[in-house]
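Every read-out reported here was derived from the displayed coordinates using simple, explicitly stated rules and does not represent laboratory data. Remember, it's a predicted structure, so these values are computed and weren't measured experimentally. Cβ atoms come from the backbone with ideal geometry, glycine included; neighbour counts cover every protein chain shown.
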Amino acid sequence: MNARKLKRDATESAARRGHVLRRFWKIEPTRSEEIPPFANRGEWWRSECVHCWADVDVHTQPMPNEIDIGGEAIALNCGSNTALVASSADVLAALRDLRSGDV
Ligand SMILES: [Zn+2]
């Protein structure tokens, strides 16, 4: 599938999960350790959400067992990782309680 349509589909899918994607940039497989050398065909493009940094990859010539659009921005809702922030706050509150002798 052509890269333009894949990027548009990926942007729409991500938007349904609340993400706002940056402009896609092209990944050169031969220069990237993130993509195995045997995948050196087709075009790879990547973007990420301006809010939560969830990423998305599109690949114009996936293997039959691969997907052409994938990534956190497709699988997870925007802001999913705020759970980490909340739990950090919980830990800090628990430490404060310990120090003040309430626990
Ligand atoms: Zn997001």
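Observations
- Order by protection proxy (mean Cβ within 10 Å, highest first), peptides 1-10, 63-72, 49-58: 49-58, 1-10, 63-72
- You can think of it this way: the chain between ARG96 and ASN2 has 28.4 nm of extra reach, that is 0.36 nm per residue less the Cα-Cα gap.
- Net lengthening on full extension, ARG16/ASN65 (0.36 nm per residue, minus Cα-Cα): 15.1 nm
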